[in-house]
Amino acid sequence: RTIFNDSITSNVDVASSGINAEYGGTMQQLLQQLQLLLNESVASLPAYDLRRSQDVVTSLHEKIAKAQQTCLPKKKFAFKNKKHITTTPVTEQVNQTTHHSKFSKYTAAVTYENRSNETFDLPKSEIYKQDVLLRNLSHCHVRLETVMGSLHCTNCTNCTFSIGPISGSIFLENCDYSVYHVTCQQARIHTTHHAVFHIHVTSKAIIEDCTKLRFGQRSVFYEGYEKDRAEAGLSDTNNWNDVDDFNWLNKEKSPNWEIFL
């Protein structure tokens, strides 16, 4: 793991000084292999090593996304199918971003932020196999129905998400009272409360500083979902009811999450 990590870190640093689409795609593929290696080792790694290893993967995600954002041409985005559009008050945005934030410095190739009371689809052509960041969303219904590399959601409250297969991980923080229909390799959930997950996860979900989370099997899909899942390299294995709580070291099940059928 250390050798592979050093190798990909070196390549990411080189890419930062001059990245193109092909090279950036190669870096993402290598990182997905590293994530897969980590996911396969979850059962044998102590909680501390698992947390530290996942932090390394998150840091590498950030480096690749930052390199892409710096060196690749920036795209202009337009929301479609908007309903009940309102502007989030500045005071609310300030309150959202002052929460303790583990992933606050994360940047992605595609970012949508500061939206309230909207229903919208993220264009497939923009998010396909990309690292996507959603930030400061409130009372929104969002559809991301294609294959993605990773998804970060920060300060997304009272929202519902329909998410296509993620070949890597979904990272959530401060996403209270939201509902996720999601398929991914791994889910990492931080400082989130009263959220519901209809999930297909081939590794497992990891929670930290969370309460009142509910997990069930994904049952709502979209046309072309199975094709997307195969393209993302995700198997039929679904560990929807296998959740690690970094705040709960006892052998008994953590009281911070529960399952539903």
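Of all residues in the range 172-221, count the ones that are assigned to a strand (DSSP E or B), under 19 Å from Asp131 (Cβ atoms) and in contact (Cβ under 8 Å) with a residue 24 or more places away in the chain.
Qualifying residue count for the region: 11.
Residues checked against (1) more than 16 Å from the chain's Cα centre (by Cα); (2) of a type in the set (S, T, N, Q); (3) closer than 20 Å to Asn155 by Cα:
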| site | (1), (2), (3) |
| --- | --- |
| Ala187 | no, no, yes |
| Thr192 | no, yes, yes |
| Val201 | no, no, no |
| Lys204 | no, no, no |
| Glu208 | no, no, yes |
| Thr211 | yes, yes, yes |
| Gln217 | yes, yes, no |
| Glu223 | yes, no, no |
| Glu226 | yes, no, no |
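Residue-level analysis places Trp257 outside the set of residues that are within 14 Å of Val182 (Cα to Cα), open to solvent by less than 90 Å² (accessible area, probe 1.4 Å), of a type in the set (Phe, Trp, Tyr) and in contact (Cβ under 8 Å) with a residue 40 or more places away in the chain. For the range 238-254, give me each residue that is in contact (Cβ under 8 Å) with a residue 60 or more places away in the chain and either under 16 Å from Ala195 (Cβ atoms) or open to solvent by less than 60 Å² (accessible area, probe 1.4 Å) (or both). Matches in the range 238-254: Asp244, Phe246.
Is it true that some residue in the range 81-94 is under 26 Å from Asp228 (Cα atoms), more than 12 Å from the chain's Cα centre (by Cα), modelled with pLDDT under 95 and surrounded by fewer than 22 Cβ atoms within 10 Å (Cβ to Cβ)? For the range 81-94, residues under 26 Å from Asp228 (Cα atoms), more than 12 Å from the chain's Cα centre (by Cα), modelled with pLDDT under 95 and surrounded by fewer than 22 Cβ atoms within 10 Å (Cβ to Cβ): present. When only residues in the range 233-260 that are out of contact with any Lys or Arg (no Cβ under 8 Å at 6 or more places or on another chain) and of a type in the set (A, V, I, L, M) count, which is farthest from His190 (Cα to Cα)? Top of the filtered list is Leu234.
Do we have Val142 as modelled with pLDDT of 95 or more, within 26 Å of Trp257 (Cβ to Cβ), aliphatic (A, V, I, L, M) and surrounded by fewer than 19 Cβ atoms within 10 Å (Cβ to Cβ) here?
Criteria not met by Val142.
Ser169 - would you say it is open to solvent by less than 30 Å² (accessible area, probe 1.4 Å), among the polar types (S, T, N, Q) and either over 25 Å from Ser53 (Cα atoms) or not in a strand (DSSP E or B) (or both)? Considered against the rule, which asks whether it is open to solvent by less than 30 Å² (accessible area, probe 1.4 Å), among the polar types (S, T, N, Q) and either over 25 Å from Ser53 (Cα atoms) or not in a strand (DSSP E or B) (or both), Ser169 comes out as no. Give me the residue from the range 145-155 that is among the polar types (S, T, N, Q) and touching a residue at least 60 places away in the same chain (Cβ under 8 Å) and, out of that set, surrounded by the most Cβ atoms within 10 Å (Cβ to Cβ). Applying the filter and picking the extreme gives Ser150. Scanning the range 104-139 for residues that are surrounded by fewer than 21 Cβ atoms within 10 Å (Cβ to Cβ), touching a Ser or Thr at 6+ places or on another chain (Cβ under 6 Å) and closer than 20 Å to Ser169 by Cα gives Lys124, Tyr128.
The values are calculated or read from the model by the stated rules, or taken from the named source; none is laboratory data. Keep in mind the model is a prediction, meaning the values are calculated, not measured. Don't worry about glycine lacking a Cβ; one is built from the backbone with ideal geometry, like all the others, and counts go over all protein chains shown. What goes into the accessible areas is simple: the full protein's heavy atoms, side chains included, and nothing from ligands, DNA or RNA. Shrake-Rupley method; radii C 1.70, N 1.55, O 1.52, S 1.80 Å.
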